[in-house]
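Input: a single structure, listed below in structure tokens.
The values are calculated or read from the model by the stated rules, or taken from the named source; none is laboratory data. Computed from a prediction, not measured in an experiment: that's the story for all the values here. Cβ placement follows ideal geometry from the backbone for every residue including glycine, while neighbour counts extend to all protein chains displayed.
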Amino acid sequence: MNGLIQVKILIKLKHLEQEENTKTNTAGVIDYKNNAYGVAYVHEDETVRLGESTGWYTGIVHNTFKFKDIGNSKEEQLQGKLGIF
């Protein structure tokens with residue numbers, strides 16, 4: 001191969017979605033409903049040797065909590081993440 005290394009580039013796009021209802025009998029802990037959705041992007045460079053890969057990823061998730069209390073409280077979170085491997 002004349003000293004050249006073959007590299008395969010993998011690109012993955014994932015959609016994330018979750019819905020959860022939490023009910024409890026514990027005193028002081030309020031029941032709530034949680035919805036989360038988001039996307040993740042993974043860019044991976046893989047060499048010919050198995051297990052040797054490098055790359056980076058990024059993602060964002062929107063999380064909504066609706067509490068079943070007297071005031072019908074709500075909370076929203078927006079989380080982002082970026083990393084390398």
(Q) For region 24-39, check the following and say yes or no: at least one residue is surrounded by 12 or more Cβ atoms within 10 Å (Cβ to Cβ) and under 25 Å from K8 (Cβ atoms). (A) yes
**Q.** Members of region 45-85 that are at pLDDT 90 or above, small (G, A, S) and farther than 16 Å from Q18 by Cβ
**A.** G55, G71, S73, G80, G83
